[in-house]
């Protein structure tokens, strides 16, 4: 058993694993869709076996506290990263102002086979948001207001955006560049009950001139919408995107008729009446869940501290001056020193060679 | 060379800072050339090192002024475009190298290699447009500072290692070998160079961790194999593999020096090649 472990612990094995991992990393550049995850998994498994074997059998590692902590840290990172990929979840979400989070609204969901978070306990309501823009329509900070349960039966307001995600039950919701306007509409059919819903327009201001969409009401014909917006957008000046300050005229094309509606106005169409209730907005979020994040960070920091401790213990007794035959006395104004022939090399430094 | 709001006020400080670095380089080279004539044990006047230290420190101070002026002019720190990344790197490399030059006289002759390496950045920055870029929303994060700070220390220690490795390699050239007679033997230099590379490895590891925390906050993922992440991870891997190889095998000193120089070039390309290639520090994520 020990013979096998010693073989698995060899530095040749380490270097081969590192070389394979390097190839895997190079192949993974930019996450190409046709590169399988095995190009990373195989070398990482090999390196994990190598690390564990070395920790168990290599006295140069397991008898040096700092080095031992560093290598245990590396092993911990590999294991935690693997658990993270098996339990993670990623998705996207578009949520309308005033609406609550619903799992069913998630799109592009990718999750590990062991994912079992408490997403059903996540609860928040989207509020208004503002986005700052620099001249040239360069996006700045996003301030998205959300209402979250305060734990006492009420709601508390939070402001999230950019590098400040909303974190609930371990799920992290990040605002994205993807956001825009929506129109709240009520369809009152000739026969039947009225239906109220929203139609999201494309991302704004990215698609400033394509604010159009279509909708087919229940029992009716497809209606094409175009939203004429007045947001104060000025590409030569600082500007704040704020749906509360925006005005939108809804242009409807139906049966070759063009109808312009202001909020609160109706249009009589084939099969019923369409009411433009009000202009609203939607925010696109990226959802990320990985229960190992904080443990990864702690493990990495402890591992690096271990390596730093090893470095300190090893070299504190061997100051760089000990390698020097030159130590000018600046207090005397001159740096006259004897030329070092290289013959009186510090024995301590020599000893340290090949053992960094 | 004029901004719509006025002159690029950081340029005079930048030019004078680069001039100070240039003087430090010239004096350092002249100084070691003068040393070559002495025999072992003979007294050598190393007072020129006062001037190298003074010019280098002046260069650092002037570059600090340049960075400050630019910060005031464009409203944010040197984190976005290549011009300010190079300026900032010239400052941090100069600062850490100057501190090491002052603290460790035994390494001073390696300035003949290290300072010209910095001049690659110095010449490059002169070719770039100093106009500022808007600060991306994802850069308003304190971990950016930590990440960039560790990265700067990493590259600085790599520069020190590369400077020492360069001395080992230059000693192989007969006409130049006598320039470095006041430095310890190659075996000692080799040990010192790898000591700095191990320090570089520690700070590279810290840089990767801090970068992952920043990326998680800023873009909702801690790792995404973008150009800079892939290149810096490969750099970390190569440095780690080199340290392992050195501790296990009897690598000839010159080969070790070549490896250190190669790692420095790799780090250089990671820092200044990947951002240049991808235009933003992390392509597609701002």
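Just so it is clear, none of the values below were taken in a lab; they were calculated from the coordinates. The structure presented is a predicted model; accordingly, all values stated were derived computationally and were not measured. A quick note on method: Cβ atoms are made from the backbone with ideal geometry, for glycine too, and the neighbour counts reach across all protein chains shown.
Just checking the listed ones, A:224, A:213, A:31: in the Gaussian network model of chain A with Cα springs under 10 Å, the one fluctuating most is A:31. Across all directions, the shadow cast by the convex hull of chain A built on its C-alpha atoms averages 32.1 square nanometres.
Roughly speaking, what is the stretch gain from residue A:317 to residue A:230, that is 0.36 nm per residue apart minus the C-alpha to C-alpha distance, in nm to one decimal?
Values: separation 87, 0.36 × 87 = 31.32 nm, distance 7.09 nm.
Between residue A:317 and residue A:230, full extension yields an extra 24.2 nm.
Taken residue by residue and averaged, Cβ atoms of other chains lying within 10 Å of the Cβ of B:190-198 number 6. With q set to 0.11, 0.14, 0.18 Å⁻¹, the log10 of I(q)/I(0) for region B:1-135, from the Debye formula over equal scatterers at the Cα positions, is -0.43, -0.63, -0.92.
Could you calculate the FRET efficiency of residue A:242 with residue A:23 from 1/(1 + (r/R0)^6), where r is the beta carbon distance between them and R0 is 56 Å, rounded to 0.05? Could you put the intermediate results ahead of the total?
On the way: r = 50 Å, r/R0 = 0.89.
The calculated FRET efficiency here is 0.65.
For region A:90-178, the share of alpha carbon pairs falling in successive 5 Å distance bins from zero is 3, 12, 22, 25, 17, 11, 6, 2, 1, 0 percent. Its residues counted as N, region B:111-161 yields a C-alpha radius of gyration over 2.2 N^0.38 Å of 1.49. Taken over region A:1-155, the ratio of Cα radius of gyration to 2.2 N^0.38 Å equals 1.56.
Taking each residue in A:24-31, count the Cβ atoms of any other chain within 10 Å of its Cβ, then average. What number comes out?
Details: counts 0, 8, 5, 2, 6, 8, 8, 4.
The per-residue average across the peptide is 5.
Convex hull volume of the C-alpha atoms in region A:191-258, normalised per residue: 109 Å³. Every Cα-Cα pair in region B:136-286 was counted, and those over 19 Å apart are 55% of them.
Going by neighbour counts of Cβ atoms within 10 Å, the residues B:271, B:104, A:29 line up, fewest first, as A:29, B:104, B:271.
Over the protein assembly as shown, the hull volume per residue, using the convex hull of the C-alpha atoms, is 197 Å³.
Take the Cα of residue A:294, step 7 Å toward its Cβ, do the same at residue A:109, and the gap between the two points is 2.6 nm.
Using Cβ contacts closer than 10 Å as the measure, can you line up B:171, A:313 from fewest to most?
Ordered from fewest to most neighbouring Cβ atoms within 10 Å, B:171, A:313 come out as A:313, B:171.
The mean number of Cβ atoms from other chains found within 10 Å of a Cβ in peptide B:133-141 is 5, as a whole number. Here the Debye sum runs over all C-alpha atoms of chain B as equal scatterers in vacuum, and log10 of I(q)/I(0) at q = 0.10, 0.14 Å⁻¹ comes out as -0.55, -1.03.
Counting other Cβ atoms within 10 Å as a rough exposure proxy, the listed residues B:81, A:242, A:163, A:190 run A:190, A:242, B:81, A:163 from fewest neighbours to most.
Can you tell me what the convex hull of the Cα atoms of region A:157-230 projects to on average, as an area in nm²? Kindly include the intermediate steps, with their values, before the conclusion.
On the way: hull surface 31.2 nm².
Answer in nm², one decimal: 7.8.
Computed from Cα positions, the angle between helix A:293-315 and the longest principal axis of chain A comes to roughly 20 degrees.
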